[in-house]
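We did not get these values from a lab; they are worked out from the coordinates using the rules stated. All figures in this text were calculated on a predicted structure; none of them were measured in a lab. Counting neighbours? That spans all protein chains shown, and the Cβs are built from the backbone with ideal geometry, glycine included.
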Amino acid sequence: MTSTIAIASEIRFAVVSGTACSRPSGRARAFTPSPRHPVTPSLCHLVTLSLLAAGCVQDMADQQKAEPFERSGFFADGMASRPLPPGTVARGRLRVDDHFFDGTVNGEPAETFPERVTSEYTPEALLARGRERFEIFCSHCHGSIGGGREGSPHMRELTGMVVKAGFPMPPTYHTDRLRAAPIGHFYDVITNGFGRMPSHASQIPPEDRWAIAAWVRALQASQHTALSELTEEEHAFLESPTDTDAP
Ligand code: HEC
């Protein structure tokens, strides 16, 4: 094989430097075909190509090896692929920040937003992102403001189309229990699912889960804030005419 490669590289050099497959010209003729055995360029290229191809056998790629999921008689479990040793972490996947990734602090649901979220987003940006993601991932079941059972009766009407089509009705977000729930609880429900609600971990990355949790809190405030708690500016905003007031 070594000799084939050596020949191939010789020929490659000859081709590149133009000495093999060109008709002789000028004084520096490296190769002169005899009149009895003329070498045409096409024949020359054919020979060159076949030799080059022989030199390009991919020993590394074609060597004996186990393919993913292949059966193997070598290991006791019959699988060629080896399980990862416990604790193995892929590069860039180290998740040591429990607050951010699990929504817990000292094993308890977090009461606050993780620093990674508060340092990256302004409150306005976080809510805007959360609202957008909520509309995409949650509103088809929970409706746009988190309607459902257990709260005031009119909340039962405010669920999403999936529930109206027969999916079990979730509790509304507007109950004392869920208003008192720590923010980490909402993060956990999105991450791991809750009862009949599926997990959204594979669809929604952690920072977006926090953004959605923030929006759920905003929805709760939207239905449960006393007028006396509003600033003058907020009063003025609420009292200003809206499109729906138009005759
Ligand atoms: C396929 C429908 C569906 C989707 C999508 C869905 N949920 Fe739910 N959710 C439910 C149901 C049903 C329950 C009640 C589950 C139960 O009690 O068994 C629930 C429960 C909840 C609860 C209440 C947990 C508690 O403590 O009672 C919260 C909060 C919640 N969901 C938030 C979300 C958020 C945020 C999203 C979007 C990321 C979302 N859900 C997406 C159906 C859904």
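Quick rundown of the values:
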item	result
Ascending count of other beta-carbon atoms within 10 Å, so fewest first, for Arg93, Arg217, Arg133	Arg93, Arg217, Arg133
Order of Ser139, Ser199, Ser119 under a 10 Å beta carbon neighbour criterion, fewest first	Ser119, Ser199, Ser139
Within the range 98-225: Cβ-based charge dipole about Cα centre, in debye rounded to nearest 20 (Lys, Arg +1; Asp, Glu -1)	540
Simple Cβ-charge dipole of the range 159-247, Lys/Arg +1 and Asp/Glu -1, about Cα centre, in debye nearest 20	760
C-alpha center-to-center spacing [the range 168-236, the range 107-142] in angstrom	9
